[in-house]
1. Which GluC sites (Glu not before Pro) does the range A:172-272 hold that lie in a coil by DSSP with at most 14 other beta carbons within 10 Å?
2. Using a basic spin-label model with each label point 7 Å from the Cα along Cα→Cβ, how many nm lie between B:E119 and A:R159?
3. Could you work out, residue by residue across A:149-160, how many beta carbons of other chains sit within 10 Å of that residue's beta carbon, and then give the average as an integer?
4. Within chain B, which DSSP H helices have Cα atoms that stretch 20 Å or more along the helix axis and a mean Kyte-Doolittle hydropathy of at least -1.0?
5. How high is the relative contact order of the range A:129-206, given as a whole-number percent (alpha carbon pairs under 8 Å, six or more residues apart)?
6. Rounded to the nearest 10 degrees, what's the angle between the helix A:206-218 long axis and the longest principal axis of chain A, both from Cα atoms, 0 to 90?
7. Pick from A:L201, A:L128, A:L139: which residue has the top mean-square fluctuation in a GNM of chain A where Cα pairs under 10 Å get a spring?
8. Remind me, what semi-axes does chain A give for its equivalent ellipsoid, largest first in whole Å, using sqrt of 5 times each Cα gyration tensor eigenvalue?
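Throughout, read-outs are computed from the coordinates displayed, never taken from laboratory work. Keep in mind it's a predicted model, so treat the numbers as computed, not measured. Backbone-built Cβ (ideal geometry, glycine too); neighbour counts: all protein chains shown.
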Amino acid sequence: MLPRVARVRRRRRDGPQVWTLDIETGETDTATLPGQFNMLTAFGIGEVPISLSGLGESSAASQRLLHTVRAVGPVSAALARLGPGDALGLRGPFGVGWPMAAAAGRDVVIVAGGLGLAPLRPALHHLLADRGRYGNVTLLYGTRSPDDILFRRELEAWRRRLDIDIEVTVDHARSGWHGHVGVVTTLVAHASFDPQNAIALVCGPEVMMRFTINALRDAGLTDDTIYLSVERNMKCAVGLCGHCQYGPTLVCRDGPVMRYDRVRGLLALKEI
Amino acid sequence: MAIEGLERIVRAHPFFAGLDDSFCKLICGCAKNVRFDAGQYLFREGDAADAFFLLRHGRVALEVSAPGRGSVTFQTVREGEIVGVSWLIPPYRWTYDAKALDLVRAIAMDATCLRQKCEADHHLGYDMMKRFVPVLVERLHTTRLQLLDVYGTPA
Ligand SMILES: Cc1cc2nc3c(=O)[nH]c(=O)nc-3n(C[C@H](O)[C@H](O)[C@H](O)COP(=O)(O)OP(=O)(O)OC[C@H]3O[C@@H](n4cnc5c(N)ncnc54)[C@H](O)[C@@H]3O)c2cc1C
Ligand code: FES
């Protein structure tokens, strides 16, 4: 599958080394679901998987997608540098997204760590757009410091709504920060949800996800109600090359969102 | 406040869930109600650890000061939780500052009084240890996670 040429319409800084690109796909409807990803190419440098972080203002002629990129290496840094009018390659959408249908009628607990909020953002938009279909909706977000909080204005706007609980915590802060300090797992015990009828969506660094899962299980959630987004290096993104193998599964085809009871044994392993 | 009122509050606090009646009477002899305005310190690093606090209302920031970095908050504690474990372990000295972030109401437990009662009644001492050790382990565990700096930007 060859990438099509897409163009950046806008670029917004969302944190240290983090940029959100508003991308004109040139297609009318790519039907990207919350939790899915695209392969983005910085021409002449390389191609990497990046999750959808929202939908832009699409027109009848072209759909716009948002991707939030943290510059960690050559390809992500080149993508993060792209400005309005610049071209990039785009293949996708790929993968299995968040279980929005299974969440209907249940309390939804979303636990995000660091950049892990980006792939969860479309799921939050989905929940809030059809708020009546779900029980309590809670977002627990942990990040490094107040300066690293992603999508800050949007989080503040959501906080003003009365139909979603939002708790933000940082690992450390200077005086001036009035919010919580401590790891995100400590917020789980204070969240209000009925563990008999709840579903959890978790995304963040793998260590953070492991400890979050423990906290969710301690709070009474069963393994088949916890979903996480797994990251592995990718090449083809269509289940052919085996690059993204994760035990018996392929992350590009069977994930990135996976149900915890299906990957329980893998998450504990150090190197796979 | 009357001892009965204190007993009711102490028994209702999550930290003392399921506390034996006789233990409750003993420890309430060491308890008093306290309040701190936002910005006031419950204690400062280096001071004698002469109390611990059952938070009933408000939040407390635990801070350390580092040269050139000012005060850094490494944890916030809220109602239903406790502040202070250094009173248990010699040399009984606070190793950080505890600052009220908003109006804080708490029960302060006099550490000298409590240590004496725990020495005199090891059943009480063991009950207290069983309540404090999980808090210590949890804090150790969360500190380890913070040290890993899992959200850090790769170089
Ligand atoms: C399904 C999926 C969705 C993803 N979604 C996003 C997203 O929405 N936004 C985003 O910025 N990234 C996302 N990533 C990660 C992104 O693909 C990688 O950061 C990218 O491949 C790095 O390529 P590079 O050439 O820039 O750096 P490389 O040269 O490959 O790596 C540079 C350094 O960064 C480290 N690194 C590589 N990947 C990661 C990572 N995932 N997290 C932390 N450090 C890493 C490497 O160990 C190395 O030290 C996703 C990955 C997957 C599999
Ligand atoms: S990236 Fe090739 S199989 Fe998944």
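1. Passing sites in the range A:172-272 are A:E271.
2. Once both label points are built, they end up 4.7 nm from each other.
3. 0
4. Going by DSSP H runs, the hits are B:122-148.
5. Value for the range A:129-206: 31 percent.
6. The answer is roughly 30 degrees.
7. A:L128
8. Its equivalent ellipsoid spans semi-axes of 28, 22, 19 Å.
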